[in-house]
Amino acid sequence: MPSIILDFFRAVWRGPFGPTGLVILGLCVALAILGPAIAPYDPVARNYDAAGKLLRLAPPSWQHWLGTTLLGRDVLSQMLVGARPALLVGGLTALGTVVIGVNIGLISGYFGGRIDSFLMRLTDMFLGLPFLPFIIIVLSLTGRSLTTMVIAMTLVMWRSTARVVRAQVLSLREMPFVAAARITGASDLAIIYREIAPNIMPIALVSVAFALAWAIITEASIGFLGFGDPSVVSWGSIVYDAYASQMMYRAPWWVVPPGIAIMVLVSAVYFVGRAYEQVVNPRLRTG
Amino acid sequence: MAGYLVRRFWHMVLTLFAMATLMFFLFRLLPGDPTATVISPSLYPKAQEAMRQQFGLDRPLFEQYLLYLRNLCVLDFGFSFQTNRPVFEMIQGRLLNTILLILPSMLAAYLLGAVIGAIAAWKRGGAAEISLVFTATALQSAPLFWLGMLAILLFSIKLDLFPIGHIVTPGMFPEQDWRMYLSADFLHHLALPFLVNTLYQLCFPLLLMRSTMLSTIGEDYIELGRMKGLSERRVLFGHAARNALLPLATTLPMILGWAVAGSVVIETVFSWPGLGLLMIEAISRADYPVAQAAFLLIAVLTVFGTFIADLLYGLLDPRIVYA
Amino acid sequence: MIDVRDLTKHYAAAAGLRSLLPGRRGEVTRAVEGVSFTIGAGEVLGLVGESGSGKSTTGRLLVGLETPSSGTIRIDGSDSVAARARDKKAFHRQVQMIFQDPYGALNPQHTVEELVGRPLLYQGVRDRAKVAASVRAVLAEVGLNPPESYISKHPHQLSGGQRQRVCIARAIILEPRFLVADEPVSMLDVSIKWDIVRLLKRLARDRGIAMLYITHDLATVGAVCDRLAIMYRGRIVETGPVEAVLSAPRDAYTRTLIAAIPSADPDIVRVPPPALQQAAL
C-alpha cells in the first residue's frame, strides 16, 4: 500500500502541471484546516464602521480586503472558511467512492456470473439518473447537512469507479499469476485482495481524482442553489447569498472570489489527476 | 441492428421504470407523514380525505405503487400544492424551454469541441495548444453558475449587449403564446445562456478529442499513412480523427447526463423558465408533486438522450452491434 | 509417482442460447481423449504436440486448474481429484506448475521476495523468519545468487531468464512431488533456453520430482526428458524412451514433427548426439 502512494507522488511530480496541482492542493488543504483560525473576522458577524453604521456592500479596503456583503459580513473571512466544506465534502465523497467502487468492481469482475450481471444491471439502470437534480431531491427529503450531502453524492458517484475497476479485473483474472496463486492454495478472497487489487489501484486512483473534482463542483452548485447546509459557510453558499440578495451585480468583489477559488482548486485536482493518468495509462502519453 | 435497437430500447424502459420506482419509495417511505408529499397540507381536512381516497393512500403500499405507475403512464402527475392545478399543465411549456436551450448548445458544444480539439492535436507542442489545454481545463473547473453570473455581469450589465435573464421581455407576449419562440426577442434572450452553456460544455469533448488523437497518432497505422505519402493533415483528419470519434461518441451519453443536470444551474442563473428551474422552485415551496414530476421529466430527457446517443454509436461502430 | 489413466476432458462447444439450437446440442470439443501415462520419481516425461493438441489442458488437469470429465489421476497411489476435494491446500503442496509466460506469471506489483514467499503465505505459514530463509535458500538453488540482490526487485527489472528462475523457485518452495512445466522456455531467448532446461533436469533428479515437460518444440526435449509422449488432437499417438522415439519414430505424425526441427545442416539426421545429452546433465 505505501508503495502505491509513493508511486503516485513520483508519477505526479513531473511536467509543469502535476507539481503545480499538488502545491495548490496542499495549500487548500492547509486552508481547510487553518481557515477559521486565520480569518480576520468572524465570517457571520456583521461589521460596522467607526461611526457605528453597518458596512453594507463595502468595496475592498484595507480593513476588508475583499469587501463586505449585504449584511456587512467580511468576504475574505468567508472565503477562508469556505475552503473547509469544499474539501471535506469533496474528500469524504472521493473516499467513499473509492471504498465502495473498488470493492464492488473487484467482486463483480472477479466472480462474474450472476453476481456480476446483477450488480452491473443495477449500475446501468441508475447511470441514466441525472446526478445533480437527484441529489437535490434526496437532500430536500432527508434534510440538508454535510453528512447527507456526502452520502447522497457517494451513492451517485461510486458507479463510474466500479465500472472502471471491473473492466480491468476482467482482464486481470485471466493472467497466469492469478492461476499461479490459485494452485498454491490461495482462497478467492486472497486472490482478489492480494493479487488483483494492487494492480487496479492506480486506475482506481485516477477515477477517484476525477470524482474529487466533480464532488467539489457539485458541492458548490448545491450551495449555490440554496440546498447546502444552512449552518455552514461554503464558497457555493457565498454565491447563493449574493444571488439571493439581488444586489450581486453591484458587488463583484462578493461574487468573483468564490468562483475563482473553486476554479483554482478544481483545476489543481484535474492537473494532478491527468498527470497521474499519463503514467498509469501509457496510451495517453503525448508527444 | 434491429436486435441492438430492441435491446437498447428495452434497457431504456427498464431504466425509466427503475427511476419511477425509486422516486415512489423515496417520497413515500422517508420519515414524516408519507401523505404530505402527495396531498397539500393547505387543503381542508375533508378535501384531504377525498384526495386520500382518490390517490388510494389508505390502501396497502403495493396497490399505491401500481396506481402510481398507472398514473404516470397516462401522464397524470397529480395536482400542484401551490396552484391546485394539474401538474401536467405547468410542465408542458417548461419542457420545451429546457429542450430549446440544452439541445442546440450540446450539439454546438460537441461539434466545436471536437473540431478545436482536433486542431489542438494538429498544432501539438506549440503555444496555441498549451494555452488551449490550459483554458479548457480552467473553464471546465469553474462552476457553471459562476460563469453565467460573470457573463451577465460583463455582457448584460457592463456592456448592455444582452438582457439579464428570462426567456422574453416580461409582458411582451401573453402567457404560453407559441409565437414568442419565433421572435427576435426570444433569440436575444437565448443568446447568453446558450453561449455560456456551449462554452462550458465544449471543454470536455475538446480535451478528449485532443488526447485521443494524440494517442492515436503514435499508432502503427498512422505511420503507415505517413509512409504512404499522405500529407500530415490528411493523416490527422482522415485517420486519427475518425478513430477518435469513437470515444467521443461513447462519452456522449455521459455528457448529456451532465448537461441536463446542468440545466438546473443555468436556468436558475438566467431565470430561464425550464424544467430545472421549475424543480428548484417547486422544492423551495415544498410543492412535491411538481418537484417529482419535473425531476422525472428531466430523468426521461437524460435517458432518452442516452438512448439516441447509443443509436448513433451503433451506427458508427458496427462492432458493438454484434456484441 | 504419477499414474494417469484414460484422462478425458470435454468442453461443451456452444454456450448459452446457441446450445439450444438444433444440431448444436451435444457438440463437444474433445480436448483430451483417453490419455494415459506414468512418471516415476526423478523422471522427466516430455509431452510434445502442436497448438491445440491438448497438452496444456492435460497439464492444467493434473495441477487442478480444471476437473477431468472422466479418467483418474493418481499421485503416489491416491486419487488427486478426491484429495483436492478433501484438502485443497495439502493437494497443492504436492503438485505445482511452471507457466509459459514468465512475465504474466509474476504479479508486477510484488517483489521477488513476496512472489517466492507467497505460496508459503497462502499455505498458512506465518513465521516470517522461516519464510525468508526458505526464499533465500530456494533462490540460491535456482541460480539466483546472491539471493539478497534479487529479493527486492520487481519482475520488470529482471531479464526473461531470471523471471523464469523466479517462477521455478516459487514452484519448488512448497517441495512438491510433481511438477508440470508448461512450455517453460518457449518465450525465452535461445541462449537462455539450455540453462533453464538444464536447471529443470537437475531439480527433477536431485529432488526426486516427477516432471511433466510440455512443449511443442522437439529441439529441447533431448536435453531434459527421459521419455517422450507425442500428443495429437487430444490423444497420445506414441510413447517411448527419448532416443528411441527421436531416432526411430513409429507414428507418421511424430515423423512430421521431427522433420520440422530446423537444422544447421539439413543432410545430417536429426538426433541429439550423446555428447550433447551428457553435457546437458
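The values are calculated or read from the model by the stated rules, or taken from the named source; none is laboratory data. A quick note: this is a predicted structure, and the numbers were derived from the prediction, not measured. We place every Cβ from the backbone using ideal geometry, glycine too, and count neighbours over all the protein chains shown.
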Any residue at all in the range B:161-168 that is out of contact with any His (no Cβ under 9 Å at 6 or more places or on another chain), modelled with pLDDT under 85, among the β-branched types (Val, Ile, Thr) and surrounded by fewer than 17 Cβ atoms within 10 Å (Cβ to Cβ)?
yes
Starting from the range C:68-93, keep only residues that are away from chain A (no Cβ under 14 Å), then list their pairs with residues that are in a strand (DSSP E or B) and among the basic types (Lys, Arg) whose Cβ atoms are within a distance under 9 Å, requiring at least 6 positions of separation or different chains.
C:Pro68/C:Lys9; C:Ser69/C:Lys9; C:Ser70/C:Lys9; C:Gly71/C:Arg5; C:Gly71/C:Lys9; C:Thr72/C:Arg5; C:Ile73/C:Arg5; C:Arg74/C:Arg5
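Give A:Ala186, A:Ala181 a once-over and let me know the one that is under 30 Å from C:Phe99 (Cβ atoms), free of Cβ contacts under 8 Å to residues at least 12 places away in the same chain and within 14 Å of chain C (Cβ to nearest Cβ). Walk me through how you get there before you give the answer.
On the way: A:Ala181 fails: free of Cβ contacts under 8 Å to residues at least 12 places away in the same chain.
Among A:Ala186, A:Ala181, only A:Ala186 is under 30 Å from C:Phe99 (Cβ atoms), free of Cβ contacts under 8 Å to residues at least 12 places away in the same chain and within 14 Å of chain C (Cβ to nearest Cβ).
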What number goes with the only condition from (1) surrounded by 20 or more Cβ atoms within 10 Å (Cβ to Cβ); (2) under 30 Å from A:Pro252 (Cβ atoms) that A:Leu70 does not pass?
(1)
What are the residues in the range C:117-140 that are among the β-branched types (Val, Ile, Thr) and within 11 Å of chain A (Cβ to nearest Cβ), if any?
C:Val125
Residue identified as modelled with pLDDT of 80 or more, more than 8 Å from chain A (Cβ to nearest Cβ) and surrounded by fewer than 22 Cβ atoms within 10 Å (Cβ to Cβ) among B:Val300, B:Val321
B:Val300
Determine if the range A:249-259 includes at least one residue that is more than 8 Å from chain B (Cβ to nearest Cβ) and under 22 Å from B:Ile280 (Cβ atoms).
yes
Residue under evaluation A:Met149, criteria (1) within 11 Å of chain B (Cβ to nearest Cβ); (2) crowded, with 23+ Cβ neighbours inside 10 Å, criterion not met
(1)
Among (1) in contact (Cβ under 8 Å) with a residue 12 or more places away in the chain; (2) away from chain A (no Cβ under 13 Å); (3) under 22 Å from B:Pro273 (Cα atoms); (4) surrounded by fewer than 19 Cβ atoms within 10 Å (Cβ to Cβ), where does B:Leu112 come up short?
(3)
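If I go through the range A:210-235 residue by residue, how many of them are hydrophobic (A, V, I, L, M, F, W, C), more than 12 Å from chain B (Cβ to nearest Cβ) and surrounded by fewer than 24 Cβ atoms within 10 Å (Cβ to Cβ)? Lay out the reasoning, then the answer.
Our first condition is that a residue be hydrophobic (A, V, I, L, M, F, W, C); within the range A:210-235, this holds for A:210-217, A:220, A:222, A:224-225, A:227, A:232-233, A:235.
From the residues that got through so far, the ones that are more than 12 Å from chain B (Cβ to nearest Cβ) too are A:211, A:215, A:232-233.
Add one more test, that the residue is surrounded by fewer than 24 Cβ atoms within 10 Å (Cβ to Cβ), and what stays is A:232.
The qualifying residues number 1.
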Filter the range B:259-284 down to the residues that are facing chain A (nearest Cβ under 9 Å) and not aliphatic (A, V, I, L, M) and list them by number.
B:Gly262, B:Ser263, B:Thr268, B:Gly276, B:Ser284
Single match in A:Ile238, A:Ile262 (criterion: buried (at least 22 other Cβ atoms within 10 Å of the Cβ) and facing chain B (nearest Cβ under 10 Å))
A:Ile262
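Condition first: assigned to a loop (DSSP other than H, G, I, E, B) and more than 19 Å from A:Pro176 (Cβ to Cβ). Now tell me which residues in the range C:167-211 satisfy that.
Residues of the range C:167-211 assigned to a loop (DSSP other than H, G, I, E, B): C:173-177, C:183-189, C:208-209.
If the condition is that a residue be assigned to a loop (DSSP other than H, G, I, E, B) and more than 19 Å from A:Pro176 (Cβ to Cβ), then C:Glu175, C:Arg177, C:Asp189, C:Gly208, C:Ile209 are the ones that fit.
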Residues (at pLDDT below 90 and within 17 Å of the chain's Cα centre (by Cα)) located in the range B:191-216
B:Phe204, B:Pro205
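Do we have C:Val48 as under 15 Å from the mean Cα position of the chain (by Cα) and either modelled with pLDDT under 85 or of a type in the set (A, V, I, L, M, F, W, C) (or both) here? Talk me through it step by step, then tell me what you get.
On the way: under 15 Å from the mean Cα position of the chain (by Cα): yes; either modelled with pLDDT under 85 or of a type in the set (A, V, I, L, M, F, W, C) (or both): yes.
Answer is yes for this residue.
Out of the residues in the range B:131-142 that are without any contact (Cβ under 8 Å) to a residue 60 or more places away in the chain and either touching a helix residue (DSSP H, G or I) at 6+ places or on another chain (Cβ under 9 Å) or within 13 Å of B:Asn197 (Cα to Cα) (or both), state the one that is farthest from the other protein chains (Cβ to nearest Cβ).
Step by step, filter the range B:131-142, then rank; the result is B:Thr135.
Taking the condition more than 30 Å from B:Ala299 (Cα to Cα) and within 14 Å of another protein chain (Cβ to nearest Cβ), does A:Met79 pass?
Values: more than 30 Å from B:Ala299 (Cα to Cα): yes; within 14 Å of another protein chain (Cβ to nearest Cβ): yes.
Yes.
So, in the range A:160-178, exactly how many residues are out of contact with any Gly (no Cβ under 6 Å at 6 or more places or on another chain) and within 9 Å of another protein chain (Cβ to nearest Cβ)? Don't jump to the end; show me each part of the working.
So the first thing to find is which residues in the range A:160-178 are out of contact with any Gly (no Cβ under 6 Å at 6 or more places or on another chain), and the list is A:160, A:163-164, A:167-168, A:171-174, A:177-178.
If we keep only those that are within 9 Å of another protein chain (Cβ to nearest Cβ) as well, we get A:160, A:177-178.
Of the residues in that region, 3 qualify.
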In the range B:166-216, which residues are in contact (Cβ under 8 Å) with a residue 24 or more places away in the chain, of a type outside the set (A, V, I, L, M) and part of a loop (DSSP other than H, G, I, E, B)?
B:His166, B:Gln176
Only one of these is outside any helix (DSSP H, G or I), under 25 Å from A:Ser221 (Cβ atoms) and in contact (Cβ under 8 Å) with a residue 12 or more places away in the chain: B:Pro163, B:Pro104. Name it.
B:Pro163
